[in-house]
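*Asks:* Input: one structure, supplied below.
Only the coordinates and a few stated rules stand behind these numbers; no lab work does. Everything numeric here is computed off the predicted structure, so don't read it as measured data. A quick note on method: Cβ atoms are made from the backbone with ideal geometry, for glycine too, and the neighbour counts reach across all protein chains shown.
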Amino acid sequence: MGSIITLRLKDINNSYNVLVLSFLEADKNGFEDDNKVSDIEFTPKNSTTLKQDITTVKAEGKKVIVSIGGANGSFKLNSISDKNIFVTKIKDFIMSYKVDGIDLDLERSVYMCPTVNQTITNPAPQWDYIIDAVNEIRTWFKNKYGKKMILTMAPEVKYTTGGLSPWNSCNGSWLPIIESLRDEIDLLMIQLYNSSENYALPGYEAWPANSKLYNQGTVDYIITQVEAAIEGFKNQGNKTTGTYSGLPASKVVIALPASSCSAGSGYISPSTLKSAAKYLLGIGSKPGTYILSKSYPELRGFMTWSANNDADACGGSYSFAQAFNDVYDNYDNTNSIKSVEIKNLNVYPNPTTGILNIESEKIIGELVNITDLNGRVVLTKLVTEDITSINTALLSRGIYTVNSNNYVAKVILK
């Protein structure tokens, strides 16, 4: 993954298959700690060009989502009114830019540290508003576009795996959101950088560890934090109690700065990143002192801040993307990002009695054909939109094939 600042979307290295626009943020007044949800806005240099690029990269099979918040544009929801404003703004953005989903990246302790006690299964009201808003948006997205909305999260260490430490009441404060939305989350990308504190990793019952502290920017730090995100743990934060149950490795990525000029701290060299990833995947030897209890062959991949820095900062040359390729290009796991290739068209409703909708974002600019059981093409249409609607009312009832190059679906006309 990568976050976009100045590099044009269409020019990003093809190793990045989920592109994150940043940020949809609430910082109109320029003050970081008094942001309001009503101030949420997205201000690219050229929205027309960006929208064109979104269409281009989506046609190539990439996904585009928008990150909400960030270090300077975060906020919190204080009421149902705030929740409704949030939902409206996100819906409007999705319809305007035709993105595939959202990334939640709320930061800053003024927003992230609830003033009331909560548990992992009983979130503070401000998190209930976020959870309800996300569920409302994803339901709307499914009904409108006929597919699942991509949902990712890029929380900081303090508010997630920082829950292993009892040192601060804010530690683990984001865990109730992950727990509540765990079935809907596609990628969890805990920021293993800009972490001003170290976090103890004691050996609680959820997973065996060695009660040591690890500094960010080290191979052991990467490995232990990723394992904690997957295996779960008993939360020790003063304001948040209970057990975080973890997420499948297929939903967890390693999130690091692309270069020494990215973020503020936490950068590790490509060679260190590769050694940590290979050990986690079970295809490499132990690179540090920490010993994993097991390997995670379904670990999803890498995320970086940021793709532009990977291309340009401190020499650039896409060294982060190359590290990903070096690990995953020859990795033969069907659940890995590199080996997943979607070849089925999503069509709905199926069976249909009239209008057939085709999820066609991957085949914009191509012809889609409907073929009968005798192999005859009975209808052809040029794809120009993310959703292509075809009136099948004049076709005979029966079974047909909908195809465009390598994409295919069977449909029943009733």
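*Asks:* Could you size up the charge dipole of the chain around its Cα centre, putting +1 on the beta carbon of Lys and Arg and -1 on that of Asp and Glu, and report it in debye to the nearest 20?
*Replies:* My answer is approximately 1020 debye.
*Asks:* Separate question: Kindly state, to the nearest 0.05, the FRET efficiency for Cys314 paired with Met95, given R0 = 41 Å and r defined as their beta-carbon distance.
*Replies:* 0.60
*Asks:* Which residue fluctuates most in the GNM of the chain (Cα springs below 10 Å): Val347, Val37, Val378?
*Replies:* Val378
*Asks:* Using only DSSP helix segments of four residues or longer, with each worth -39500 (n - 2.57), what per-residue ellipticity at 222 nm results for the chain after dividing by its residue count and rounding to 500?
*Replies:* One gets -7500 deg cm²/dmol as the mean residue ellipticity at 222 nm.
*Asks:* Over the Cα atoms of the chain, how large are the radius of gyration and the largest Cα-Cα distance (Dmax), in Å?
*Replies:* Expressed in Å, the Cα Rg and Dmax of the chain come to 22.4, 70.
*Asks:* Which helices, counted as full DSSP H runs in the chain, have an axial Cα extent of no less than 15 Å and a Kyte-Doolittle average of 0.5 or above? Provide the component values of the computation, followed by the final result.
*Replies:* Details: long enough: 47-59 (18 Å, -0.32); 80-97 (26 Å, 0.22); 125-145 (30 Å, -0.84); 219-231 (18 Å, 0.73); 270-281 (16 Å, 0.17).
The answer, listed by residue number, is 219-231.
*Asks:* Which one of Lys362, Lys147, Lys63 has the biggest mean-square fluctuation once the chain is modelled by GNM with Cα springs under 10 Å?
*Replies:* In the Gaussian network model the winner is Lys147.
*Asks:* Measuring from label point to label point, each 7 Å out along Cα→Cβ, what is the Asp34 to Thr139 span in nm?
*Replies:* 3.6 nm
*Asks:* If you don't mind, there's one more thing I want to ask. For a label point 7 angstrom out from the Cα of Thr56 toward its Cβ, which stretches of the stretch 70-107 have the backbone nitrogen within less than 19 Å?
*Replies:* The answer is 97-100.
*Asks:* What distance in nm separates the simple spin-label points at Ile283 and Lys414, each placed 7 Å from Cα in the Cβ direction?
*Replies:* Result for the modelled spin labels: 4.5 nm.
*Asks:* Between Asn344 and Ile291, what's the calculated FRET efficiency when r is the beta-carbon distance and R0 is 45 Å? Round to 0.05.
*Replies:* Values: r = 41 Å, r/R0 = 0.91.
In this case the efficiency is close to 0.65.
*Asks:* Then there is this: Once all Cα-Cα distances of the stretch 90-161 are split into 5 Å bins that start at 0, what whole-number percent is in each one?
*Replies:* Answer for the stretch 90-161: a P(r) of 3, 13, 22, 23, 15, 12, 8, 2 percent.
*Asks:* Which listed residue (Gly163, Ser404, Ser79) has the Cα farthest towards the positive end of the charge dipole for the chain, taking +1 on Lys and Arg C-beta and -1 on Asp and Glu C-beta about the Cα centre?
*Replies:* Ser404
*Asks:* Also, quick follow-up: May I ask which residue of Leu192, Ser38, Val134 lies farthest towards the positive end of the charge dipole of the chain, with charges of +1 (Lys, Arg) and -1 (Asp, Glu) on Cβ and the Cα centre as origin?
*Replies:* After comparing all options, I get Val134.
*Asks:* Grab the beta carbon distance between Arg397 and Val116, set R0 = 41 Å, and tell me the FRET efficiency rounded to 0.05. Could you put the intermediate results ahead of the total?
*Replies:* Working: r = 59 Å, r/R0 = 1.45.
The calculated FRET efficiency here is 0.10.
*Asks:* Please compute the alpha carbon radius of gyration of the stretch 346-413, then divide it by the globular-protein estimate 2.2 N^0.38 Å. Two decimals is fine.
*Replies:* 0.98
*Asks:* Now a separate question. State the dimensionless ratio Rg/Rh of the stretch 1-158 (Rg: radius of gyration of Cα atoms; Rh: Kirkwood radius).
*Replies:* Result: Rg/Rh = 0.96.
*Asks:* Any chance you could run the full-extension gain for Asn14 through Asp329? It's 0.36 nm times the residue separation minus the Cα-Cα distance, nm to one decimal.
*Replies:* Between Asn14 and Asp329, full extension yields an extra 112.1 nm.
*Asks:* Would you mind telling me which residue in Met149, Met112, Met95 has the biggest mean-square fluctuation in a Gaussian network model of the chain, where springs connect alpha carbons within a distance under 10 angstrom?
*Replies:* In the Gaussian network model the winner is Met95.
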